[in-house]
Each structure stands twice: as C-alpha cells, then as structure tokens.
Amino acid sequence: MAATTQHRSPKPTAHAPSGAHPGVTSPRARAAGQGPRVEGSRVIRKPKGRKQKQQRSRHTAATADKYELYQKAVQSADTDVEFHRRVYKKLRGREPLHFREDFCGTGLLSSAWIQQSARHTAEGFDIDPEPVAWGLARNFDPLEEAARRYTVHLKDVREPGQTPADVRVAQNFSYYCFKTRKLLLEYFRSAREHLAPDGLFIIDLYGGSESGDSMEETTRCRGFDYVWEQESYFPGTGEYNCSIHFRFPDGTELRRAFTYRWRQWSLTELRDLLEEAGFSRVISYFEGTAKNGSSGDGVFRPGLRGEHCAAWIAYLVALK
C-alpha cells in the first residue's frame, strides 16, 4: 500500500448533523415518462430553457458550479464501478445487476452503473434534494431512456429500497456522519438486511499518520485548484472536521464549498462493527504502490494487515 497524500474526499451532500437522518414519510413519485423516478419529498428542478451555445470561460468563484467541480476533482465513477463489478464477480461468480448508492448526492456512481447494459439497475438514497436535483439534470437526463433504470429516494439511508441490492456502497467516507457506535451499527445492520442473499456491502475509509493532522492539500485540476483541508481532529472523541475549497486562476476562491463534521473511524473498528452486524466475512482491500515508490497505483487488492503509511485509502467489502 502506497504512502500517498492523494486524498479522496467525501460526496457533496448536506446530511443532518450528528448522524440524525430524518426519514421522509410522504412518497411522491416523479411523473411517468423518460428519466429516473424520485421517491420521497419533491425535488424542484429548473425548467429547461432554450439551448445556448456553450462558451469557453475560465472558472471563477462567482461562476463556478461546486457540484461540477467536485465530480471533476474527486470522483472517478467508471473506476469505482469496475472495482465493484470485479470484486463481486470474483467472490460470487456472476455479474452483479442491481446497485444501491447510499448518500448518493448527484448519483454519479449510479449513472455509471446503469450505463453498463440494459439489465443494470440502480437506486440512490439521500436526504438533501439539492444535489439530487442537480444530478438528475446533469447525470441522468442525458441518458434518456436508460435513466428509467434509476430510482432515487429522498430518504434516510437506513430505509429499505425497492429491490435488494447485489452491490450496496457508501463511499467517500459519507457514513462518518454517524458519530456513535450505536448509530453506525444500526446502519450496518440495515445495510445487511436489505442486501440480496449473495449481496456485498462496500465502504471506503481513510487513515494513516497524516489523517489527523491539521493541513491543506492542493491538487491542480484543469481550470481550478481543488483544496482538501483537514481543520481539526480530537482523539478523545474522534471528532473530525474537514472542508473542501476551490481556487481559480483569477485569484478568487470558493471557500468551504463543502464542509464535514464527522467522527473518524478506524479500519479495525469498522471491521468489528460489520461482523457484529451479521456479515459473514469482511475483506480489506489496500492500494498498491506505483513505480515511483511514493504514490498509490490505483489498484486495490485484498490484504490482511496492510502497510503503515502517512495517508492511505482502503475498501472494506462485507459479504452477507
């Protein structure tokens, strides 16, 4: 596993503080027709106007779209979906078809999933209608008929879905919003209960000696800089406060585009909780080392102990 400082940050969704996720009890389905279905409270989407010619313009703090920048800087949906598919086929011997994305935000992973074939379907869960509406317009409307294979629920992630999932994920450390053992165990138990009989539950996590340091890390992207800030960490409580900023060539900055008030969980804590939740087996996947010897190679392989690095990313794959 590489000693890398390349951090993958959480999804751009605003979740209720301190792990409280109010459920939505009055379902309202989206009108029939093309496109994904929305279950839960209403998502308001801006009406489509006349198509305008796209003009090339530099990003600035005044004009930037934080969700677009986040997807460009942080997410790698095709790579993630390929990992999910590869691991499932290796462990279960068949193609996974139904996908569930918890804390889905803009639904980018689900969008990539359903594009694999006409048999692939997905559900997303999130309580914030803003990124959901953005994702429906940007990630699903262009898919036209294929988007009907996606259903998004404006509900608590502990609520059951319509179909038990072959693969269910909570990525970009989004479940860190559950700050107590009781709440996280409740979530893991519900995740297991609503999986298909041979389903997998996959989470990622972040650790290493630098993970608790107060620091800023800047990554150059096309037209802007992505800044991951670790503001504070308190070892007595596990409180972990982080933010994402975007900086632009004109000198402007979009500060705290996304903020996170979490508890940082260790790999061993998470593995123990998944086992206590009833999963039959939990496998750790660690990232390999690139040829330069100082960064990750983006390839995750199963391992038991891992390697102590300044900063690392891993997956935990839990089998029902």
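Could you list, in sequence order, the residues of the stretch 156-197 that are among the hydroxyl-bearing types (Ser, Thr, Tyr), closer than 26 Å to Glu229 by Cβ and crowded, with 17+ Cβ neighbours inside 10 Å? If the condition is that a residue be among the hydroxyl-bearing types (Ser, Thr, Tyr), closer than 26 Å to Glu229 by Cβ and crowded, with 17+ Cβ neighbours inside 10 Å, then Ser174, Tyr175, Tyr176 are the ones that fit. Search the stretch 113-144 for residues being charged (D, E, K, R) and more than 18 Å from the chain's Cα centre (by Cα), and hand back the single one that is nearest to Ala191 (Cα to Cα). The selected residue is Arg119. Applying the set (1) touching a Gly at 6+ places or on another chain (Cβ under 6 Å); (2) under 20 Å from Tyr70 (Cβ atoms) to Glu123 leaves exactly one unmet item: (2). Can you work out which of the residues in the stretch 276-320 that are polar (S, T, N, Q) and not in a strand (DSSP E or B) is modelled with the highest pLDDT? Result: Ser280. Look at (1) touching a Gly at 6+ places or on another chain (Cβ under 9 Å); (2) within 17 Å of Tyr315 (Cα to Cα); (3) at pLDDT below 95 and you find that Gly208 fails only one, number (1). Scanning the stretch 198-253 for residues that are hydrophobic (A, V, I, L, M, F, W, C) and surrounded by fewer than 18 Cβ atoms within 10 Å (Cβ to Cβ) yields a count of 3.
Being among the acidic types (Asp, Glu), under 22 Å from the mean Cα position of the chain (by Cα) and either modelled with pLDDT of 95 or more or outside the structural domain of Leu109 (by TED's automatic domain parsing) (or both) is true of Glu229.
Can you name the residue in the stretch 92-138 that is of a type in the set (Ser, Thr, Tyr) and assigned to a loop (DSSP other than H, G, I, E, B) and, of all such residues, is surrounded by the most Cβ atoms within 10 Å (Cβ to Cβ)? The extreme case among them is Thr106. Of the residues Ala133, Ala122, Ala118, Ala112, the single one that is among the hydrophobic types (A, V, I, L, M, F, W, C) and touching a residue at least 40 places away in the same chain (Cβ under 8 Å) is Ala133.
The values are calculated or read from the model by the stated rules, or taken from the named source; none is laboratory data. Since this is a predicted model, take the numbers as computed values, not measurements. Don't worry about glycine lacking a Cβ; one is built from the backbone with ideal geometry, like all the others, and counts go over all protein chains shown.
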